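The structure appears right after this line, and notes come after that.
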Amino acid sequence: MSIEIPSREEIGEILKKSKHIAVVGLSNNPERTSYMVSKAMMDAGYRITPVNPTVDEVLGVKAVKSLSEIEEHVDIVNVFRRSEHLFDVAKEFTEINADVFWAQLGLVNEEAYEYLRNLGYTVIMDRCIKVEHALTK
């Protein structure tokens, strides 16, 4: 099985229509990639919701412990958790009915991919949302 992600043009359309990104594993450490990427996306006009049970706030936004605590619609769930955790995040993702499951650069899990694709979700893996935003704006 191979993971097929949307084309760069399709990714550009996803990013243009999206407004709210929940970031699973967002660190409050400014030196971590999750922080830098999320700050860049926030600076580009996206609303960010940090999802991390170990922090209270990131980038001036109150963090939630899990996706299920987010009450408003989420366009993209951007995941900064190791690949072996992606299936658990994918199951939680389906409970909030977000639009796009996005696993950051270097993160791939075929079980999570198959599970979400079989349910009809858009899945992007092994791509940096900040890079894709820069390439498609």
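The values are calculated or read from the model by the stated rules, or taken from the named source; none is laboratory data. The structure presented is a predicted model; accordingly, all values stated were derived computationally and were not measured. Note that each Cβ is placed from the backbone with ideal geometry, even for glycine, and that neighbours are counted across all protein chains shown. Note: accessible area is taken over every heavy atom of the protein model, side chains too, but ligands, DNA and RNA are not part of it. Shrake-Rupley method; radii C 1.70, N 1.55, O 1.52, S 1.80 Å.
Determine the share of segment 31-81's accessible area contributed by carbon and sulfur atoms, expressed in whole percent, with a 1.4 angstrom probe.
Answer for segment 31-81 is 45 percent, counting heavy atoms of protein chains only.
Counting only heavy atoms of the protein chains, get the accessible area per residue of segment 1-81 (1.4 Å probe) and round it to a whole Å² value.
With the other protein chains kept in place, segment 1-81 gives 54 Å² per residue.
Once you charge only the Cβ atoms, +1 for Lys and Arg and -1 for Asp and Glu, what is the size of the charge dipole of segment 44-137 about its Cα centre, to the nearest 20 debye?
Computed charge dipole of segment 44-137: roughly 340 debye.
Can you list the aspartates and glutamates whose alpha carbon is less than 18 Å from that of residue 65, not counting same-chain residues fewer than 8 positions off?
By straight Cα distance, residue 65 reaches 56, 57, 88, 92, 95.
Using the structure shown, list the pairs from 17/62; 19/62; 16/39; 39/130 with a Cα-Cα distance above 19 Å, or answer none.
17/62
What are the semi-axes of the equivalent ellipsoid of segment 67-137, taken as the square roots of 5 times the eigenvalues of the Cα gyration tensor, listed largest first and rounded to whole Å?
18, 15, 11
Report the calculated FRET efficiency for residue 43 and residue 71 (r = Cβ-Cβ distance, R0 = 30 Å), to the nearest 0.05.
In this case the efficiency is close to 0.75.
Quote to one decimal, in nm, the extra length available between residue 4 and residue 119 on full extension: 0.36 nm per residue of separation minus the C-alpha distance between them.
Between residue 4 and residue 119, full extension yields 39.9 nm more.
With unit charges on the beta carbon (Lys/Arg positive, Asp/Glu negative), name the residue among 112, 25, 35 whose Cα is farthest towards the positive pole of the charge dipole of the chain.
35
Which three numbers, in whole Å and largest first, are the semi-axes of the equivalent ellipsoid of the chain derived from its Cα gyration tensor as √(5λ)?
21, 17, 14
Expressed as a rounded percentage, what relative contact order does the chain have, with Cα pairs under 8 Å and six or more residues apart?
Contact order relative to length: 26 percent.
Compute the relative contact order of segment 33-100 as a whole-number percentage, counting only Cα pairs closer than 8 Å that sit 6 or more residues apart in sequence.
Once normalised by length, the contact order is 24 percent.
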